[in-house]
Amino acid sequence: MKIAFVGKGGSGKTTLSSLFIRHLAATGVPVVAVDADINQHLGAALGLDEDEAAALPAMGERLPLIKDCLRGSNPRITSAETMIKTTPPGEGSRLLRVREDNPVYDACAHPVELDGGSVRLMVTGPFTDADLGVACYHSKTGAVELFLNHLVDGRDEYVVVDMTAGSDSFASGLFTRFDITFLVAEPTRKGVSVYRQYRQYARDFGVVLRVVGNKVQGQDDIDFLRAEVGDDLLVTVGHSDWVRSMEKGRPPRFHLLEDANRGALRTLQVAADATYELRDWAHYTRQMVHFHLKNAASWGNERTGIDLAAQVDPGFVLHEDVAAAV
C-alpha cells in the first residue's frame with residue numbers, strides 16, 4: 001500500500017507518520033519510509049541522531065542513477081537524460097518491489113532498526129533557499145515520483161511518504177500516486193485550511209482522503225473537526241507522553257505507547273488495507289500518462305528538446321503481475 005501523510009506545517013504529520021511507521025514495523029510487515037518534506041525530520045522522528053540523519057543518502061542527488069536504473073531496456077526512452085519526474089514505465093522499464101534488493105535501494109535506502117523490526121528509509125535530501133519556488137525544488141521531489149511510478153507493491157507491503165507541507169505536491173501528479181492520503185489537521189481554522197485544498201483535488205482525481213485530527217483535547221475539538229471535514233474525519237489523536245519523550249530524544253519502548261494512540265494507529269492501518277480492494281491499475285497508469293503529457297507540454301519538451309509524448313507505451317498497464325515478468 002502506498003500511503004501519504006500531508007498537512008500544514010506544524011500539524012504533526014511527521015510525528016504521526018513516524019508513529020505509523022513504527023506501528024507497521026512492530027507488526028513485522030515490510031515498510032519503505034520516504035521523507036519527501038522540505039524540512040527533513042522523518043529520520044530524527046524514527047530515532048536517528050543529527051549526524052546519522054545528515055548522512056542519509058539523498059535521492060535528489062542520485063537522480064541520474066535512479067533514472068538510469070528505471071529506464072532499463074525501455075526502447076521508448078532514448079537516454080536517462082530525457083526522463084523527467086513524470087516519465088511513466090513501459091515495456092522494458094525496470095520495475096521495483098518493496099521486498100527486493102535493487103540498485104535504487106542500494107544507493108538511496110538506509111535501514112533503520114525499530115522496536116520489533118526495521119524499515120528502509122529514503123530521503124529526498126535537504127532543501128536550500130535556492131530550491132524553493134523553482135524547478136530544482138520539484139526535481140528533488142521528482143525522484144520520489146519516479147520511484148512511485150515504477151513501484152509495484154502488493155497486499156501487506158507498505159510505502160509511507162511524509163509529504164511536503166501544504167499543497168506543493170499539486171505541482172505534479174505526485175498526490176495521485178497513493179492508495180490513501182492521511183491529512184493531519186489540528187482543530188483550528190488554519191488547521192483545516194489545507195484540507196479544503198486537498199478535498200477538491202482528491203475529488204477530481206479519485207484520491208482517497210481521510211483526516212486525522214491531531215492535538216485534540218476534548219469533545220469540543222472533535223465536534224469542530226467533524227463540522228469542518230464531515231465523514232472524512234477518520235480518527236483523532238490527543239496528548240502523548242510517549243511522543244513528548246520521543247521528541248526529547250528518549251523514546252520508551254514502542255509497546256508503551258498509550259492504548260488510545262495505539263488504537264488510532266490500528267485504525268489507520270485498517271483504513272489503508274481497505275483501499276487494496278479498490279485498486280484500479282489501469283486508472284493508475286492513465287493518471288501517470290495524463291500528468292506526464294501535461295508536464296511534457298508545459299516544460300518537459302522544451303527542457304529535453306524532444307517530444308516526450310513518445311515515451312508513453314500505449315499498451316502498457318502497471319499491475320502486480322507485470323513485475324514478475326520484468
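Please compute the Kirkwood hydrodynamic radius of segment 214-277 from all pairs of different C-alpha atoms, in Å with one decimal.
Working: mean 1/r = 0.0750 Å⁻¹.
For segment 214-277, inverting the mean 1/r across all distinct Cα pairs yields 13.3 Å.
Beyond 35 Å, how much of the Cα-Cα pair distribution for the chain remains, as a whole percent?
When every Cα pair of the chain is considered, 17 percent fall beyond 35 Å.
Summing -39500 (n - 2.57) over the DSSP H runs of n ≥ 4 in the chain and dividing by its residue number, what mean residue ellipticity at 222 nm do you reach, to the nearest 500 deg cm²/dmol?
Result for the chain: -11000 deg cm²/dmol, rounded to the nearest 500.
For segment 1-128, build the convex hull from the C-alpha positions and give me its volume per residue in Å³.
So the per-residue hull volume is 120 Å³.
In degrees between 0 and 90, to the nearest 10, how far off the longest principal axis of the chain does helix 193-205 point, with axes built from Cα atoms?
40
I want to check the label-to-label distance for residue 256 and residue 189. Put each point 7 Å from Cα in the C-beta direction and report it in nm to one decimal.
Here the modelled spin labels are 4.1 nm apart.
For the peptides 18-25, 244-251, 288-295, what is the packing order when you average, over each peptide's residues, the other Cβ atoms within 10 Å and list the highest mean first?
18-25, 288-295, 244-251
Suppose we look only past 17 Å in the calculated P(r) of segment 209-326. What percent of the Cα-Cα pairs does that tail hold?
Within segment 209-326, distances greater than 17 Å cover 73 percent of Cα pairs.
Across the chain, how many lysine pairs, 8 or more apart or on two chains, come within less than 18 Å at their alpha-carbon atoms?
Here the count comes out as 13.
Rounded to the nearest whole Å², what accessible area per residue is found for segment 185-262 with the 1.4 Å probe?
About 60 Å² of surface per residue is accessible.
The values are calculated or read from the model by the stated rules, or taken from the named source; none is laboratory data. Just so it is clear, the model here is predicted, and its values are computed rather than measured. Please note: Cβ atoms are built from the backbone with ideal geometry, for glycine as well, and neighbour counts cover all protein chains shown. Quick note on the areas: whole protein, heavy atoms, side chains included, nothing else; ligands and nucleic acids left out. Shrake-Rupley method; radii C 1.70, N 1.55, O 1.52, S 1.80 Å.
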